[in-house]
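Right, one structure below, let's go through it.
Read the figures in this text as sums done on the coordinates, not as results from a lab. Note that the structure is predicted; figures quoted are calculated from it, not measured. Counting neighbours? That spans all protein chains shown, and the Cβs are built from the backbone with ideal geometry, glycine included.
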Amino acid sequence: MRGLKRLREFVRRDLSRDVAASAALDTSHGPILYLEGVTVSFDGFKALNDLNLYINDGELRCIIGPNGAGKTTMMDVITGKTRPDSGAVYFGQLIDLLKLSEPEIAEAGIGRKFQRPTVFESHSVFENLRLAMSANKAVWATLTAQLSGQQRDRIEEVLDIIGLVGEMHRNAGLLSHGQKQWLEIGMLLMQNPRLLLVDEPVAGMTLQETERTAELLTSLAGRHSVVVVEHDMEFVRSIAKTVTVLHEGRVLAEGSMADVQNNPEVVEVYLGE
Amino acid sequence: MRGGPITRFLLNDRGGTIMLSVLLAVAVLVPVLNLAVPADSPLHLSTYTVTLLGKYLCYALLALALDLVWGYCGILSLGHAAFFALGGYAMGMYLMRQIGSRGVYGHPELPDFMVFLNWQELPWYWLGFDMFWFALLMVIVVPGLLAFVFGWFAFRSRVTGVYLSIITQALTYALMLAFFRNEMGFGGNNGLTDFKDILGFSLQSDATRVGLFLASAIALAAAYLICRFIVTSKLGRVLIAIRDTEDRARFVGYRVENYKLWAFVVSAVLAGIAGALYVPQVGIINPGEFSPLNSIELVIWVAVGGRGTLYGAVAGALLVNYAKTYFTGAMPEAWLFALGALFVLVTLFLPRGIVGLLNRRRMKRQSGRHDAQTGAAHDDQHAEQSA
């Protein structure tokens, strides 16, 4: 039975293409992302344990938690990299993310920034953005794709937002750590996502770079929903309205930064140490 | 940098332009020196040399095919000779059918080895190979189909890196063992040989040899242009992106497995065409062509020339094979050692191959001359070098 299930899973990657495109994003009830009762275990260890989390449309949410709290696993589940053992993950009311592959989820409107900056290092900054741009990403269409003036404008607009206009012809591999992080955020913007998942955006950044990143992310909220996973408490304090604390794979507390900081449980597991 | 979709892909391609010019010059000179210059003139090129050059061009085409998947998409196939051999067998089957009743046993339809095995009739998979167009179709379809089925499973299961290399190696090894068996109906370990003519032209005549040489040169040039078109298109950029950070490409919304599969199939088809051109020139195809060693040698050609440049692969194939011809004549026992040493040296000291070395020299000279100059063209060269 298990073998059969895996075979179907395997074949399905091919067949479910149109599912993503057909269901429109419905956020009429408020939340853009629903995680309900999500459990993921690795060899008995529960990385996520009956996790319930709702992200509202247009909000900027920070997620904090000690190492091993399940933050990255949660991102993996949302973006289709890891399949949960149980639970439901919905994007809007209608799109069941558990039925989609990574590229389909990206197409549906969820962009993800990795913990380590990952950009296409042998391409120029401009080319990085061009590749990330939402377009028909099927093989044959890509072979003959030409850059239109409108698309060029859009790339320049995003270059402006992330502050890399001067670097647009440089190879992405030659950028500084902070610039790579911004480029990656820029690449997410090119996809026109409704939801941005940003994993530790300021790790390894200088103070000024951190400040710029905070500005960038705050300016994105509203038009996009942004979920930031971060360790840097200063940074979280500077941008967050709502903070969710994860601990041992579940939500420990949720609320404003002040509420969360005064929550005795939170203090015990995380902030107090 | 920009321009029409057709002219765009040869701009900024110095190496490729040089390679195509040399190829054109050779394609004009070789037939003249062989056919028009009298045999006693010192300028005369022997038919042996023409065939040897034709063989090199087939290897160069094969190397080009590998560079497309390895250099640009990061798929290190250690079984690419399998596609080459399959294309070769398809052509060999046509050539066998052309022998007709001129075989040793004089059977009107069955090739000699089938008569020898007491077979009464042609196996079904030999039907149709008496027609040239059908054989050509099979030259493309068989390697392409194998690559498709193999790639479909491998890429969908996300087999990458060294694991993929190992299973491609297993693929070619398995095919070699299968083709060694007499019951397979492909001539067992003797393979297919004793060809007489192709499309009615005798394979022994100088003109046919020159014709095959020219066909190889044209195929190489055409394949180069096709590959160049691919790698300079947006699709080519996506392939490089997949090579560098597969996960990012996937989360940006590209179906990585489809891209890999596409490149792998195109590459296999090119390899099959190379094999089909190779067989009439060398006059034999046997299971030895499936040998894993051949595929590894192929990787060395590309590594020596410089991967991820296309023309580097062509140059590497020509250079290493010339060296091989020289060594196996001068000191046969030393060749494998030389090959091994070459691979080690290139890996250690020339990670970008000979082409990378030359480009670096050129960049140094240029940046010495005009220090402050930066621009699109410069950037492009850089991108090419780091690719």
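For the range A:139-219, state the average projected area of the convex hull of the C-alpha atoms over all orientations, rounded to one decimal in nm².
Its Cα hull, projected and averaged over all orientations, spans 6.6 nm².
Over chain B, calculate the relative contact order: mean separation of alpha carbon pairs under 8 Å at least 6 apart, over the residue count, as a percent.
Details: 559 pairs, mean separation 114.9, N = 387.
Reported relative contact order: 30 percent.
Calculate how steeply helix B:234-244 sits against the longest principal axis of the alpha-carbon atoms of chain B, using the helix alpha-carbon long axis, and give the answer as 0 to 90 degrees to the nearest 10.
So the helix axis and the longest Cα principal axis differ by about 80 degrees.
Could you tell me the relative contact order of the range A:181-273? Use alpha-carbon pairs under 8 Å, at least six residues apart, and round to a whole percent.
With pairs under 8 Å counted, the relative contact order is 21 percent.
Tell me, what is the percent relative contact order of the range B:124-213, built from C-alpha pairs under 8 Å that lie six or more residues apart?
Relative contact order for the range B:124-213 comes out at 10 percent.
What whole-number value in cubic angstrom gives the convex hull volume per residue for the C-alpha atoms of chain B?
169
In debye, nearest 20, what is the charge dipole magnitude of chain A about its Cα centre with +1 on Lys and Arg Cβ and -1 on Asp and Glu Cβ, if you could check?
Dipole magnitude for chain A comes out near 1000 debye.
How shielded is B:227-238 by partner chains, expressed as the average number of their Cβ atoms within 10 Å of its Cβ atoms?
So the per-residue partner count for this stretch is 4.
Using only Cα atoms, what is the ratio of the radius of gyration of chain A to 2.2 N^0.38 Å?
Cα-based Rg divided by the globular estimate yields 1.03.
In whole angstrom, how far apart do the alpha carbon centroids of the range B:134-163 and the range A:172-207 sit?
37
May I ask which residue of B:TYR89, B:VAL256, B:ALA65 lies farthest towards the positive end of the charge dipole of chain B, with charges of +1 (Lys, Arg) and -1 (Asp, Glu) on Cβ and the Cα centre as origin?
Selected residue: B:VAL256.
Which residue, A:ALA69, A:ALA47, A:ALA141, tops the fluctuation ranking in a GNM of chain A built on C-alpha contacts under 10 Å?
A:ALA141
Under 1.5 on a/c is rounded, so check that first for the range B:97-182, then, if it is not, pick prolate when a/b is larger than b/c and oblate when it is not; a ≥ b ≥ c are the square roots of the alpha carbon gyration tensor eigenvalues.
prolate
With unit charges on the beta carbon (Lys/Arg positive, Asp/Glu negative), name the residue among B:PHE180, B:ALA147, B:PHE201 whose Cα is farthest towards the positive pole of the charge dipole of the range B:145-241.
Towards the positive end, the residue furthest out is B:ALA147.
What residues qualify as long-range amide H neighbours of A:HIS247, i.e. H under 5 Å apart, gap of 5 or more or another chain, H built at 1.01 Å from N?
Excluding prolines and chain starts, which carry no amide H, the hits are A:LEU252.
Between B:ASP197 and residues 5 or more places away or on another chain, which pairs have amide H atoms under 5 Å apart, with H built 1.01 Å from N, and which residues are they?
Those qualifying (amide H under 5 Å, at least 5 residues apart or on another chain) are B:LEU203.
When DSSP assigns beta bridges and you keep just the ones with both residues in the protein assembly as shown, what percent turn out antiparallel, to the nearest 5?
Looking only at bridges with both residues in the protein assembly as shown, the antiparallel portion is about 60 percent.
If every alpha-carbon in the range B:313-364 counts as one equal scatterer, what log10 I(q)/I(0) does Debye give at q = 0.18, 0.27, 0.31 1/Å?
Evaluating at q = 0.18, 0.27, 0.31 Å⁻¹ gives log10 I(q)/I(0) of -0.65, -1.05, -1.14.
Please give the charge dipole size of the protein assembly as shown, origin at the Cα centre, charges +1 on K and R Cβ atoms and -1 on D and E Cβ atoms. Round to the nearest 20 debye.
The calculation lands at about 1360 debye.
Averaged over its residues, how many other protein chain Cβ atoms are within 10 Å of peptide A:105-114's Cβ atoms?
Going residue by residue through A:105-114 and averaging, the value is 3.
Tell me the GluC sites (Glu not before Pro) within the range A:194-246 that lie in a loop according to DSSP and have at most 16 other beta-carbon atoms within 10 Å.
Passing both the DSSP loop test and the Cβ count: no residue.
Determine Rg/Rh for the range B:27-73; Rg is computed over alpha-carbon atoms and Rh is the Kirkwood hydrodynamic estimate from the same atoms.
The Rg/Rh ratio comes out at 1.24.
Among B:THR347, B:LEU358, B:ALA323, flag the residue with its Cα farthest along the positive direction of the charge dipole of the range B:315-373, charges on Cβ as +1 for Lys/Arg and -1 for Asp/Glu.
Farthest along the dipole direction, towards plus: B:LEU358.
To the nearest whole number, what is the average tally of beta carbon atoms from other chains within 10 Å of the beta carbons of peptide A:173-180?
Going residue by residue through A:173-180 and averaging, the value is 1.
Round to a whole angstrom and tell me the spacing of the C-alpha centers of the range B:293-368 and the range A:27-52.
With the range B:293-368 and the range A:27-52 each reduced to a Cα centre, they are spaced 53 Å.
Report Rg (one decimal) and Dmax (nearest whole number) for the protein assembly as shown, counting Cα atoms only, units Å.
29.4, 101
For a 26 Å ceiling on Cα separation, which of these pairs sit above it: A:LYS71/A:LYS137; B:LYS324/B:LYS364; B:LYS260/B:LYS364; A:LYS113/B:LYS260?
The answer is A:LYS71/A:LYS137; B:LYS324/B:LYS364; B:LYS260/B:LYS364.
About its Cα centre, how strong a charge dipole does chain B have in debye, to the nearest 20, once Lys and Arg get +1 and Asp and Glu get -1 at the Cβ? Kindly include the intermediate steps, with their values, before the conclusion.
Working: 28 positive and 22 negative charges, 312 e Å.
Its charge dipole is roughly 1500 debye.
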